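Report on one structure; see the data block that follows.
Please treat every number below as a calculation from the coordinates, not as lab data. Only a predicted model underlies this, so the values are computations on that prediction, with no experimental measurement involved. Neighbour counts run over all protein chains shown; Cβ positions are idealised from the backbone, glycine included.
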Ligand SMILES: C[S@@+](CC[C@H](N)C(=O)[O-])C[C@H]1O[C@@H](n2cnc3c(N)ncnc32)[C@H](O)[C@@H]1O
Ligand code: SF4
């Protein structure tokens, strides 16, 4: 089984914190759709396994595409590959794009999972972040999606927003779980260079939340998710069993995927490919019959580090026997040494012959993962 990722690089406005590649020139959408279909054709041999188990429309703002464009892209996938009957087909959406007509149309075209970017239920936070929706629209979007028959809905929230109080974060969590959703992605705010938030931070106009406050918000997230029977299956992701994101899980379990569109990444066990992060250059290169981008052939060391980074982020962890067979003795011994070190601190555990980060370790997971990486000296 393989995955297809479409990067839809368009947004009506730029949110103040976001550095994902996007253009606000919406007049390019039509040409982009033609180009991305062509790219799929040009790269039809990238995936060894042509059976597609997941399709993911990510952004940018995929909900800016018309129903016909989404339909066209799904049709193009099925004309080149074979889409499995139970395939998970996700569309990332901004709340204010989700009209009842749009929802009913995309449902008919095969979208069966929505990932709605709500970020916060505080109108003050939303204004600060430069979002184009308010809290009422966010709640309404989820309700309309449910009315249209979507029963696999994920919501994105951000915590650690400047000025966000613990009470506000608690309110956001309670509100989101009252919406009867099936999946939650909750990210700590990151300040990326070249964003308005980063510039304001540099000028002292906004301030980062204290580390201790961040940890308290993370703890509350884990606690309230648990109370609602959501399993913390990946550092930023929570869902009841059966609703884990199949597409994102495939990134974490080394399943091959083809990423289409500007700035999209692809992976097929042997190579990693990055498309150019520029929609004009992307369209121009496709029109000339090639795809502007870069690729690297993955070394054994790269593949091991990928396995560690992705595996230790999840509740399934890593498998030492697999490491021995796939990567060899040196990597295996390195992992065993690290595991012994962290088990003694209670931050890592062994379970069913696998090794994973514990609830205690999750708060310092970046540090643990970095120690497990194998650095070629
Ligand atoms: C790239 S966006 C695409 C979804 C859609 N355009 C939206 O904004 O609702 C995917 C998610 O990444 C998260 N995100 C983007 N920038 C972030 C940042 N600087 N820190 C934390 N989370 C971020 C947000 O939660 C967002 O919903
Ligand atoms: S958060 Fe979403 S809508 Fe905002 S700029 Fe990023 S991709 Fe666009």
**Item:** Estimated inter-spin distance, residue 340 and residue 265, nm [label 7 Å along Cα→Cβ]
**Value:** 3.3 nm
**Request:** May I ask you to sort 187, 17, 56, 46 by Cβ crowding, counting other Cβ atoms within 10 Å and putting the fewest first?
**Result:** 187, 46, 17, 56
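Order 105-115, 166-176 from most to least packed using the mean count of other Cβ atoms within 10 Å. Could the numbers behind the result be given before it?
Numbers: 105-115: 20.0, 166-176: 18.1.
Top of the packing list down: 105-115, 166-176.
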**Request:** Arrange 192, 265, 334 by Cβ neighbour counts within 10 Å, fewest through most, would you?
**Result:** 192, 265, 334
**Request:** Using every pair of alpha-carbon atoms in the range 49-160, split the distances into 5 Å bins beginning at 0 and state the percent of pairs per bin, rounded to integers.
**Result:** 2, 12, 23, 22, 17, 11, 7, 4, 2, 0
**Taking the C-alpha atoms of the chain, convex hull volume expressed per residue in Å³** = 150 Å³
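Quick one: order 13, 33 by neighbouring beta-carbon count within 10 Å, fewest to most. Don't jump to the answer; show the numbers that get you there.
Details: 13 11, 33 21.
With the sparsest Cβ surroundings first, the list reads 13, 33.
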**Prompt:** Want the number for residue 219 to residue 365: 0.36 nm per residue separation, take away the alpha-carbon distance, what's left?
**Reply:** 51.2 nm
**Item:** Estimated inter-spin distance, residue 226 and residue 20, nm [label 7 Å along Cα→Cβ]
**Value:** 3.0 nm
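At 0.36 nm per residue, and after removing the present C-alpha to C-alpha distance, how many nm does the segment from residue 72 to residue 13 gain when stretched out fully? Don't jump to the answer; show the numbers that get you there.
On the way: separation 59, 0.36 × 59 = 21.24 nm, distance 2.51 nm.
Working it through step by step, the gained length comes to 18.7 nm.
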**Asked** Taking the Cα-to-Cβ direction at residue 300 and at residue 85 and moving 7 Å from each Cα, how far apart do the two end points lie in nm?
**Response** 4.3 nm
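From the Cα gyration tensor of the range 223-377, with a ≥ b ≥ c the square roots of its eigenvalues, which class applies: rounded if a/c is under 1.5, or else prolate if a/b is larger than b/c, or else oblate? Walk me through the intermediate numbers first.
Values: a/c = 2.59, a/b = 1.49, b/c = 1.74.
The shape class here is oblate.
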